[in-house]
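Colleague: Provided herewith is a single structure, encoded as structure tokens, for subsequent inquiry.
The values are calculated or read from the model by the stated rules, or taken from the named source; none is laboratory data. Just so it is clear, the model here is predicted, and its values are computed rather than measured. Positions of Cβ are backbone-derived with ideal geometry, glycine not excepted, and every protein chain shown enters the neighbour counts. Each accessible area value is taken on the protein alone, full model and side chains, heavy atoms only, with ligands, DNA and RNA left out. Shrake-Rupley method; radii C 1.70, N 1.55, O 1.52, S 1.80 Å.
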Amino acid sequence: MFKFLAKINRWLLPNYTKEQLDLAKATKLQKAIIAWKYYVTTRALD
């Protein structure tokens, strides 16, 4: 299930690495998206 979610995240959610987002200047929504992507990615790797 998490592998499927990871593919959806990659397709739908923005990639802040390419945008070179500074985490100190990120909004709460951007931090929440980063946390969600991290959670799903770590679960997909198990």
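Colleague: Once you list every other residue whose beta carbon is under 14 Å from the beta carbon of residue 6, what net charge do they have if Lys and Arg are +1 and Asp and Glu are -1?
Modeller: Result for the local shell: +4.
Colleague: Here's another thing I want to ask about it. List nothing, just return the count: lysine pairs in the chain, 8 or more apart or interchain, with Cα separation under 15 Å.
Modeller: Count of close lysine pairs: 4.
Colleague: While we're here: Report Rg(Cα)/(2.2 N^0.38 Å) for the chain, keeping two decimals.
Modeller: Relative to the 2.2 N^0.38 Å estimate, the chain comes out at 1.17.
Colleague: Additional query: With each run of n ≥ 4 DSSP H residues scored as -39500 (n - 2.57), what mean residue ellipticity at 222 nm is computed for the chain after dividing by its residue count and rounding to the nearest 500 deg cm²/dmol?
Modeller: After summing the helix terms and dividing by the residues of the chain, the value is -20500 deg cm²/dmol.
Colleague: Please report the net charge: other residues with Cβ closer than 15 Å to the Cβ of residue 21, K and R +1, D and E -1. Don't skip to the end; give the middle numbers.
Modeller: Numbers: positive: 18, 25, 28, 31, 37; negative: 19, 22.
Net charge around residue 21: +3.
Colleague: For the chain, which whole percent of the accessible surface, found with a 1.4 angstrom probe, sits on carbon and sulfur atoms?
Modeller: 62
Colleague: In square angstrom, what is the accessible area per residue of the chain with a 1.4 angstrom probe?
Modeller: I get 91 Å² per residue for this part.
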